[in-house]
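First the structure, in the form of structure tokens, and then the observations on it.
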Amino acid sequence: MGEWSDDRLRRAMGALLRWGVAIAAVTAFAGGILYLQGCAGDVPDYRVFRGTPPALRGAAGIIREAASLNPFGVIQLGILLLIATPVARIVFSLAAFVAKKDLAYVASVLIVLSIVLAGLLRERRGAVVPPESFRPMCAPSEASSPIPVPMKAAPEESR
Amino acid sequence: MDLLGLPFLLALGGAAAGLVGSLTGLGGGIIVVPFLALGLGVDLRYAIGASLVTVIATSSSAAAEYLKKGFANFRVGMFMEIGTTLGAVAGAYLAIVVPTSAIAVLFGVVLLYSAFMTRRPRAERPGPESPDPLAERLRMDSAYPEKEGPKPYRVRNVAGGFLLMSAAGALSGLLGIGSGAFKVLAMDHVMRLPFKVATATSTFMIGVTAAASAGIYLGRGYIDPVLAMPVMLGVLAGSTLGSKVLPRIGTKALRRAFSLVILAIGARLIFDGLTGRI
């Protein structure tokens, strides 16, 4: 492994950011195409705030929905990758500062990383809602409400 | 709403916002929020969620460019990120207790201030006379590329810059914007970084700052995929186009015209907030 000069670190971080944004944008766009094929048409009323369904609020739910090719899940995965891009830059620079034995920056990067991860990985009560309260796919035949029922109403109505 | 209506409208509006944001130097987020909230009547919380995502996309790709060219001082950036991320988390929690009408008024004020800041002439200030021991210890003094070769500079008042950065982070978390104007203020005025370095380093920090509050907003359900995706892609396209076009056209008249638009939007946000329409 070569020496991590500041110049090399700078270039590597730049490349990481560029690729992260590209991958995230392509993923979100692919989800957008799935959405246009399956669910376009009726759009929820964004004038009233109801919040996204619980499954789209945390990493675990988003990955599960994206794996089942739910358009909302795939789009949200792209957004999650986008949020993860600056976080990946922090992790990468942490490794580089460790290799450089630059302790002041190891410490500051660790503080930043823990602040950001605390917000991202915080346990959410919404994440434990049973999957059946969330309609995994939207299809033209059941396009009455492509955004699933709001969180509070969901558990009661599904029973 | 017809079949393909909303996503395309959002993407087009996003592209316009990205273009205006990059031509005025204001950035995308500060235009996306009024576009969604005033233009389309979207709830302010959804607008802020979509804007944060957009801010991460545009600032990360701009930062990649600045890093390649060597303008961004990543040591300053990474140390100051402690302040901006703490501020961003605080701002995201403040957003729960602050009523949306107050957020709209604050947004209008910040928009007007940012527009004022980008219109000011950018005189390079003389560098600091005496070195800041903290900056020396953190090896922040660096150099940036000029036509004549690398130009060295020193950093001063790290503590003062840190405080102002934390406030900028809080505004970013509360309003869903990059708050680049405040970050540049901290580094340009307080820490006396060269203006180009201040701008580049501010952009470098915006992505991490926005990611800190975006994680919280995602968990609260503010980030709606159908709203955020077309806006984000549109703004990304618009601002990329803007940065390509910017060096080639005389932007003076354009800037003036956009400034009037920004003034009107800011006044409208303040008015709607004060009269309780938002």
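The values are calculated or read from the model by the stated rules, or taken from the named source; none is laboratory data. This is a predicted model, so every value here is computed, not measured. Note that each Cβ is placed from the backbone with ideal geometry, even for glycine, and that neighbours are counted across all protein chains shown.
The single residue among B:LEU112, B:LEU163 that is in contact with a Gly (Cβ under 7 Å, 6 or more places away or on another chain) and either modelled with pLDDT of 90 or more or within 14 Å of another protein chain (Cβ to nearest Cβ) (or both) turns out to be B:LEU112. Assess whether B:ILE278 counts as being β-branched (Val, Ile, Thr), on the phi < 0 side of the Ramachandran plot and outside any helix (DSSP H, G or I). Judged against the criteria, B:ILE278 is a match. Scanning region A:1-14 for residues that are more than 7 Å from chain B (Cβ to nearest Cβ) and of a type in the set (Gly, Ala, Ser) returns A:GLY2, A:SER5, A:ALA12. Meeting the requirement of 2 or more residues that are modelled with pLDDT of 50 or more and more than 11 Å from every other protein chain (Cβ to nearest Cβ), the helices (runs of 4 or more DSSP H) wholly within region A:66-158 are A:71-99. Across region A:10-24, not a single residue is classified as under 13 Å from B:LEU227 (Cα atoms) and not in a loop (DSSP other than H, G, I, E, B). When region B:44-69 is limited to residues that are in contact (Cβ under 8 Å) with a residue 40 or more places away in the chain and either in contact with a Lys or Arg (Cβ under 7 Å, 6 or more places away or on another chain) or more than 12 Å from chain A (Cβ to nearest Cβ) (or both), the one that is nearest to B:SER142 (Cα to Cα) turns out to be B:LEU67. Restricted to region B:71-105, and to residues there that are crowded, with 24+ Cβ neighbours inside 10 Å and among the polar types (S, T, N, Q), the residue that is nearest to the other protein chains (Cβ to nearest Cβ) is B:THR85.
Before we move on, is B:LEU175 within 12 Å of chain A (Cβ to nearest Cβ), out of contact with any Gly (no Cβ under 7 Å at 6 or more places or on another chain), more than 17 Å from B:ALA64 (Cβ to Cβ) and surrounded by 24 or more Cβ atoms within 10 Å (Cβ to Cβ)? No. Taken as a whole, the condition of being at pLDDT 90 or above, in contact with a Ser or Thr (Cβ under 9 Å, 6 or more places away or on another chain) and assigned to a helix (DSSP H, G or I) does not apply to B:ILE30.
Take the conditions (1) more than 8 Å from every other protein chain (Cβ to nearest Cβ); (2) farther than 30 Å from B:THR203 by Cα; (3) in contact (Cβ under 8 Å) with a residue 40 or more places away in the chain; (4) not in a helix (DSSP H, G or I); A:VAL43 misses just one of them, which is (1). Scanning region B:140-162 for residues being surrounded by 14 or more Cβ atoms within 10 Å (Cβ to Cβ) and either over 13 Å from B:ASN73 (Cβ atoms) or in contact (Cβ under 8 Å) with a residue 12 or more places away in the chain (or both) gives a total of 14.
Of the residues examined, B:GLY234 is one that is within 30 Å of A:VAL48 (Cβ to Cβ) and either at pLDDT 90 or above or of a type in the set (Gly, Ala, Ser) (or both). Taken together, the residues in region B:115-140 that are modelled with pLDDT of 90 or more and in a loop (DSSP other than H, G, I, E, B) amount to 3.
Do we have B:VAL184 as at pLDDT below 90 and under 30 Å from B:VAL97 (Cβ atoms) here?
So B:VAL184 fits the description; yes.
Testing B:SER60 on (1) more than 16 Å from the chain's Cα centre (by Cα); (2) in a helix (DSSP H, G or I); (3) within 20 Å of B:LEU233 (Cα to Cα), one condition comes back false. Which one is that? The one condition B:SER60 does not meet is (1). On inspection, B:ALA211 qualifies as crowded, with 21+ Cβ neighbours inside 10 Å and within 14 Å of chain A (Cβ to nearest Cβ).
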